[in-house]
Amino acid sequence: MQEADRSLRRDVGAIALASGAVGVSFGAIAVASGVSPLLTVLMSLVIFAGGAQFLAVGLMAAGNPFAAVVAGLLLNARHLPFGLALGATLDGGPARKLLGSHLMVDESVAFALARPDGPARRRAYWMTGGSLFVCWNVGAGLGVLLGGVAGDTDRFGLDAAFPAGLFGLILPSLRDRETRAVALTGAAVALASTPFLPAGLPVLLALTGLVCIPLTRRTRVDARS
Amino acid sequence: MMFAVVVALAVGTYAFRLGGVLLRDRLDLPAGVRTVLPAAAAALLAALAATAALTQAGQFAGVARPAGVLVGVVLAWRRAPFVVVVVAAAAAAALLRLAGVP
């Protein structure tokens, strides 16, 4: 248990530090795009979703506030199925549900779902969500202070760190044949539609991968008969 | 105006987050739906990882990023520790860019 705890802390620490560094670049970019320092910090605290924040800042700077809201919400709609899938992870009173929901980000969901339902999953969820919340917001604040000095984090390869981390987290669940079929089909649909659809929609379309479930089940029955 | 955008995004995002959690309690989902939810989450995360690895603003993300992610995926496949996966992916992409690869 202690061994598992130590490795969880180390893994969460790595992704939280990376997210803090991206937060620094968010703070710097937002201020450079004309968002006030106070609003930049507030944004990170209350939205707490990196992708939507970058997208919204870009669209606001382009003078399109309506698109910023629609695109940001489209991108964040995935949290609804995430909440459904988390199951009993946020049980234990209304306070936990209210606070825990705000800590729902891709990484906390992925870390949690990589563990069996129960105390281990709950610990992973809260530890990941909490660490990311702190690091992301401290990072954004630093970025506001540092401004242009923060530069772009792509130079350090951080844009590769996030997808690699997500892949690493979902890989064990892909050993299950049915989940693998659903996930790979969904990812393919998302990739194929990305050039044609606004941000956020391709990822939601990945849910069409669920059609694989009756198919894989049917072939299993066929094989048996 | 910007303040209104931030408030709308914050309220909407929180509604999605809390909505899923509360719906799960309120709706008595049939067992069949319950069992496919983890697969649905895996599909969303896989799609996020794939689009983040290969695309940038709807276009191809260049070579360095996908190559770095590939290094991470191979390491994860070979059951390397998570920290190693993340750091190696970033380092590979950074080194490629240092060498002038886009």
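Quick look at the numbers
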| quantity | calculated |
| --- | --- |
| Descending semi-axes in Å of chain B, equivalent ellipsoid built from Cα gyration tensor | 34, 22, 12 |
| Among B:Thr35, B:Thr51, B:Thr13: highest mean-square fluctuation, GNM of chain B, C-alpha pairs under 10 Å | B:Thr13 |
| Intensity falloff of segment A:48-118 expressed as log10 I(q)/I(0), Debye formula with alpha-carbon point scatterers, at q = 0.18, 0.19, 0.22 Å⁻¹ | -0.74, -0.79, -0.93 |
| Unit Cα scatterers, Debye sum, segment A:86-175: log10 I(q)/I(0) for q = 0.18 Å⁻¹ | -0.88 |
| Inter-site label distance for A:Leu215 and A:Val134 at 7 Å from Cα along Cβ, in nm | 4.5 |
| Of the trypsin sites (Lys or Arg not before Pro) in segment B:1-89, those whose Cβ has at most 13 other Cβ within 10 Å and which sit in DSSP loop | B:Arg78, B:Arg79 |
| Value of [θ]222 nm, deg cm²/dmol, for chain A, DSSP H segments ≥ 4, -39500 (n - 2.57) each, nearest 500 | -23500 deg cm²/dmol |
| Cα gyration tensor of segment B:37-87 - equivalent ellipsoid semi-axes, whole Å, descending | 19, 18, 7 |
| Residue order, fewest to most surrounding Cβ atoms within 10 angstrom, among A:Glu178, A:Glu107 | A:Glu178, A:Glu107 |
| Mean shadow area of the protein assembly as shown, taken as a quarter of the surface of its Cα convex hull (nm²) | 17.3 |
| Residue mean of other protein chain beta carbons inside 10 Å, B:20-29 | 5 |
| Amide H partners (placed H, <5 Å) of B:Phe60, local residues excluded | none |
| Acute angle (nearest 10 degrees) that the helix A:2-32 long axis makes with the longest principal axis of chain A, alpha-carbon atoms | 40 |
| Acute angle (nearest 10 degrees) that the helix B:82-98 long axis makes with the longest principal axis of chain B, alpha-carbon atoms | 50 |
| Nearest 10 degrees, 0 to 90: helix A:177-193 Cα axis against chain A principal axis | 40 |
| Cβ neighbours within 10 Å from other chains - mean over A:206-215 | 4 |
| Residue among B:Ala40, B:Ala64, B:Ala31 with the largest mean-square fluctuation in a Gaussian network model of chain B, springs linking Cα atoms under 10 Å | B:Ala31 |
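Values quoted throughout were computed directly from the atomic coordinates according to the rules given, and no laboratory measurement underlies them. Given the structure is predicted, the values throughout are model-derived calculations rather than measurements. Note: ideal-geometry Cβ built from the backbone for every residue, glycine included; neighbour counts use all protein chains shown.
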